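Asks: I'd like to ask some things about the structure below.
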Amino acid sequence: MNFFVTSIDYILNQSRANSLWPLTFATSCCGIEMMHTVASDNDIARFGSEVFRGSPRQADLLICAGTITHKMAPVLLRLYEQMAEPKYVIAMGACTCGGGMFCDNSYSVVRGIDKIIPVDIYLPQCPPKPEALIDAVRKLQKKIIKNESVLTRKQFVNSHSSILMEKEDLLIKKRDENGD
């Protein structure tokens with residue numbers, strides 16, 4: 001019985017890994033590099049990720065590229081929640097991974113999207129080259145094929161707590177109670 005489940009997981013993982021449909025979420029200079037990845041020079045289509053989607057309901061890979069502010073964080077969370085399961089995230093750029101050059105001087109920048117959504121692959125360059133994004137997609141594909149099952153994916157997603165969003169919800173509730 002265990003043989004059949006393992007075989008089914010392997011087949012599903014092969015198909016998931018080779019047909020990732022990314023959702024474009026670019027807010028700054030990393031978005032230009034993401035667009036360059038789709039161009040004919042690099043051609044991310046060779047790796048099964050050619051169809052960049054404009055709707056989260058049609059995507060299963062969120063490539064978050066650029067600076068995320070506290071005002072944009074609820075939008076990012078909403079897009080992530082609307083994506084189909086299983087869903088994966090690549091954090092592209094130093095600003096996305098940890099606040100980048102804005103983390104010391106700006107109060108409005110989120111210091112890493114892992115405070116909002118679970119991240120599978122970090123790509124912390126400023127800005128990452130298209131070859132680095134292709135490498136991140138390949139690493140994600142290997143990760144999916146190697147050790148992904150429905151149970152482990154649910155455990156990974158459930159282990160992540162959205163600390164930032166919980167704080168935001170508390171602030172909104174306090175504002176509503178005070179009538180602000």
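Asks: Can residue 128 be described as on the phi < 0 side of the Ramachandran plot, assigned to a loop (DSSP other than H, G, I, E, B) and touching a Gly at 6+ places or on another chain (Cβ under 7 Å)?
Replies: Numbers: on the phi < 0 side of the Ramachandran plot: yes; assigned to a loop (DSSP other than H, G, I, E, B): yes; touching a Gly at 6+ places or on another chain (Cβ under 7 Å): yes.
Against the criterion (on the phi < 0 side of the Ramachandran plot, assigned to a loop (DSSP other than H, G, I, E, B) and touching a Gly at 6+ places or on another chain (Cβ under 7 Å)), residue 128 qualifies.
Asks: Something else about it: Pick from 150, 137, 157: which is modelled with pLDDT under 65 and within 28 Å of residue 12 (Cα to Cα)? So that I can check it myself, show each step before the final result.
Replies: Details: 137 fails: modelled with pLDDT under 65; 157 fails: modelled with pLDDT under 65.
Result of the check over 150, 137, 157: 150.
Asks: Here's something else I'd like to know. Suppose the filter is of a type in the set (Lys, Arg) and under 19 Å from residue 133 (Cβ atoms); does residue 111 pass it?
Replies: No; evaluated as a whole, the condition is false for this residue.
Asks: What are the residue pairs meeting all of these: first residue in the stretch 1-30, first residue closer than 24 Å to residue 81 by Cβ and surrounded by fewer than 17 Cβ atoms within 10 Å (Cβ to Cβ), second residue small (Gly, Ala, Ser) and at pLDDT below 75, Cβ atoms under 6 Å, and 6 or more apart or on different chains?
Replies: 19/48
Residue-by-condition table, conditions (1) modelled with pLDDT under 90; (2) in contact with a helix residue (DSSP H, G or I) (Cβ under 6 Å, 6 or more places away or on another chain); (3) among the charged types (D, E, K, R):
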residue: 35; (1), (2), (3): yes, no, no
residue: 42; (1), (2), (3): yes, yes, no
residue: 45; (1), (2), (3): yes, no, no
residue: 49; (1), (2), (3): yes, yes, no
residue: 54; (1), (2), (3): yes, no, no
residue: 59; (1), (2), (3): yes, no, no
residue: 65; (1), (2), (3): yes, yes, no
residue: 84; (1), (2), (3): yes, no, no
residue: 87; (1), (2), (3): yes, no, yes
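Asks: Can I ask one more? So residue 109 ticks every box in (1) at pLDDT below 85; (2) over 25 Å from residue 14 (Cβ atoms) but one. Which box is left unticked?
Replies: (1)
Conditions tested, residue by residue: (1) in a loop (DSSP other than H, G, I, E, B); (2) in contact with a helix residue (DSSP H, G or I) (Cβ under 7 Å, 6 or more places away or on another chain); (3) buried (at least 19 other Cβ atoms within 10 Å of the Cβ).
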site	(1), (2), (3)
71	yes, no, no
77	no, yes, no
81	no, no, no
90	no, yes, yes
95	no, yes, yes
104	yes, no, no
107	yes, no, no
111	yes, yes, no
118	yes, yes, no
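Asks: Which condition number in (1) closer than 18 Å to residue 22 by Cα; (2) basic (Lys, Arg); (3) in contact (Cβ under 8 Å) with a residue 40 or more places away in the chain is the one that residue 115 fails?
Replies: All conditions are met except number (1).
The values are calculated or read from the model by the stated rules, or taken from the named source; none is laboratory data. Since the structure is predicted, the reported quantities are computational estimates derived from the model, not experimental observations. Glycine gets a Cβ as well: all are built from the backbone with ideal geometry, and neighbour counts include every protein chain shown.
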